[in-house]
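Working notes, structure below.
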Amino acid sequence: MADRQILLKTLLQQRHWQTYRIFCKEYDKAAGLIDSTLQGKWPSRAQLHRWLSGELKGLPYSDHCRVLETMFPGRSAEELFSPGKGEVLASRIDVEPSKSADRIAETSPTPQLADVTAVFSSRSAFASAYSPSALFDTAREINAAGLSLNVLCQNYPDHRLKRLLESGTTIRCLFLDPEGNAIRAREDEEGYKDGTLTTLTALNISMLTRLKEKLAPEAASLLELRVYDETIRFNILIVDGTTCVVQPYLPQARGVDSPTIVINDNTAADGLFPVFDQVFTSMWERSSPV
């Protein structure tokens, strides 16, 4: 079992149910179909990790098995906890495994994917699959660090940001300081001679500052704006502690041309989610309030 992940984990990844919150929601749906008394009796986070890592010896309790078999019709509990046999990860926009995915699965062992669920060659390709509305409309916590944070400031309407904050969503935005040295170094690297990045970043900070001033004190306190002055390496977006979007900054290339990695499992052993979550936390702690 060490060289192939169990079938249950593969099936959860195909359906994008592998985060703990979503798994529990789907578990409850299935439990309600067979016995309402089983709702709310999902496994603990630690138990789920043992299930998905293949550490479990034997099978879970019978009630868990019944619910899992309802979640995945046609699959027995024995199958779900056995190594997968060629099942492949589906993309976000195509749940059915494609022929090309089959070929990739034959040459790339799925355990190497860790908690990465999608990779795009550019930010524009990512934006085609993950709209700002899909990312933010139901979010309860948004942490963003990068340069100008256009995905929030330019691509998501003010009135929706206002609605999120008034409904209790916390938003933390960490910008590259428009008055610092690092942003000018990045402008030189990308070939800008007119202060394009400095102007855009200052504009975005100003836009969020104006929005904050229009909010009631309680809602305004949920929007935090900070700046940092360090060599920029990543654009990091973390939504609800479950979805992480990472975009590295390449040398002599515009940010829009950067590849994008989507990470969707904060329970995965040796995954990337805690790595970038810690990067954001560390940067935030070193930053200065606007």
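Working from the Cα coordinates of the chain, the gyration tensor eigenvalues give, after taking √(5λ), semi-axes of 39, 23, 15 Å in decreasing order.
Couplings for the stretch 27-41, taken from phi via the Karplus curve 6.51 cos²θ - 1.76 cosθ + 1.60 with θ = phi - 60°, read 4, 4, 4, 5, 4, x, 7, 10, 6, 4, 5, 8, 5, x, 10 Hz in order; Gly and Pro are left as x.
Note: relative contact order over the stretch 210-283, using C-alpha pairs below 8 Å and six or more positions apart, is 21 percent.
As a test, work out the antiparallel percent of DSSP beta bridges whose residues both lie in the stretch 133-279, rounded to the nearest 5.
55
Taking each residue as 0.36 nm, the span from Arg75 to Glu141 lengthens on full extension beyond its C-alpha to C-alpha distance by 20.2 nm. Summarising the strand pairing of the chain, around 65 percent of its internal DSSP beta bridges are antiparallel.
Derived scalar couplings between HN and Hα for the stretch 125-138 equal 5, 4, 4, 5, 9, 10, 6, x, 4, 5, 6, 10, 4, 10 Hz in order, rounded to whole Hz, by the Karplus curve 6.51 cos²θ - 1.76 cosθ + 1.60 (θ = phi - 60°), x for Gly and Pro. Ordering Ala127, Leu147, Phe175 by the projection of their Cα atoms onto the charge dipole of the stretch 118-289, which places +1 on the Cβ of Lys and Arg and -1 on the Cβ of Asp and Glu, puts Ala127 at the extreme positive end.
Which length gain, in nm to one decimal place, applies between Ala134 and Thr281 when the Cα-Cα distance is subtracted from 0.36 nm times their residue separation? Taking Ala134 through Thr281 to full extension adds about 50.5 nm, to one decimal.
Summarising the label geometry, the points placed 7 Å from Cα in the beta-carbon direction at Glu55 and Glu166 lie 4.6 nm from one another. Applying Stokes-Einstein at 10 °C and 1.306 mPa s to the Kirkwood radius of the stretch 1-86, computed over alpha-carbon pairs, gives a translational diffusion coefficient of 124 µm² s⁻¹.
Projecting the Cα atoms of Gln247, Trp42, Ile205 onto the charge dipole of the chain, computed from C-beta unit charges around the Cα centre, puts Trp42 farthest toward the positive end.
Spacing of the modelled spin labels on Asp28 and Glu230, each 7 Å from Cα toward Cβ, amounts to 3.8 nm.
The distance between label points at Ala185 and Ser288 comes to 1.6 nm (points 7 Å beyond Cα on the Cα→Cβ vector). The alpha carbons of the stretch 142-278 give a radius of gyration and a Dmax of 15.5, 46 Å, in that order. With θ taken as phi - 60° and the Karplus curve 6.51 cos²θ - 1.76 cosθ + 1.60 applied, the whole-hertz 3J(HN,Hα) list for the stretch 211-222 is 4, 4, 5, 8, 8, 5, x, 5, 6, 4, 5, 7 Hz, x standing for glycine and proline.
Readers should treat all values here as calculations from the given coordinates under stated rules, not as data from a laboratory. As the structure is a prediction and not an experimental result, all values here were calculated from the model. As a convention, Cβ positions derive from the backbone with ideal geometry for all residues, glycine included, and neighbour counts pool all protein chains shown.
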